[in-house]
């Protein structure tokens, strides 16, 4: 009797596992504006990725429990991945991801859109004297900072703050040059909305 019960339990466990393995879930991915490329990977099977380009959604089917990775890359100059939007099902975790790759275990029908937006370069530099110039936006990302010169793209429409910090025995003097959206800068710090490529050069002067 005990042997029969044991066999029954084993049978039920195997049947449940087999049934779960046969359950399938659909994944739908798409690139916004058709300016990005998405690669979809089956990490469980470790198979080569499959590419999805353009604005037409791509559909993939996986067994429930499969570890899936989706990676997005811009294929258009002047655009970059802003994040994953319209994420549903198992892919909802992608909504909080800021990197180009989102990994999750798919257990239900899911979807995600790779949102690409226009970017503009911001260039900051020290024209004279010593100190650092910093450029940051409101996303909470680490600011760009240098004591010579540096550049980085920011998304169009970002609120950019330029802050110049003088070195020892130095003080902020003026902006030696300013272009693009930063043309309005006069006081330190300076804040502006980024609508075009911009640059700011800072003059530090000796404290009398």
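The values are calculated or read from the model by the stated rules, or taken from the named source; none is laboratory data. These numbers were taken from a predicted model, which means no experiment stands behind them. As a convention, Cβ positions derive from the backbone with ideal geometry for all residues, glycine included, and neighbour counts pool all protein chains shown.
Values computed for the structure shown
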| quantity | calculated |
| --- | --- |
| Filter pass, residue 115 being modelled with pLDDT under 95 and surrounded by 14 or more Cβ atoms within 10 Å (Cβ to Cβ) | yes |
| Residue ranges of strands (runs of 3 or more DSSP E) in region 1-94 with at least 1 members surrounded by 14 or more Cβ atoms within 10 Å (Cβ to Cβ) and either at pLDDT 95 or above or in the same structural domain as residue 137 (by TED's automatic domain parsing) (or both) | 24-31, 36-42, 58-63, 66-74, 79-88 |
| Residues of region 99-138 satisfying the condition of being under 23 Å from residue 70 (Cα atoms), in a loop (DSSP other than H, G, I, E, B) and without any contact (Cβ under 8 Å) to a residue 40 or more places away in the chain | 99, 100 |
| Residues satisfying the stated conditions in region 126-151, i.e. exposed (fewer than 15 other Cβ atoms within 10 Å of the Cβ) and within 15 Å of the chain's Cα centre (by Cα) | 138, 139, 140, 141, 142 |
| Residue list for region 152-170, restricted to those being surrounded by fewer than 16 Cβ atoms within 10 Å (Cβ to Cβ) and either over 18 Å from residue 121 (Cβ atoms) or over 27 Å from the mean Cα position of the chain (by Cα) (or both) | 167, 168, 169 |
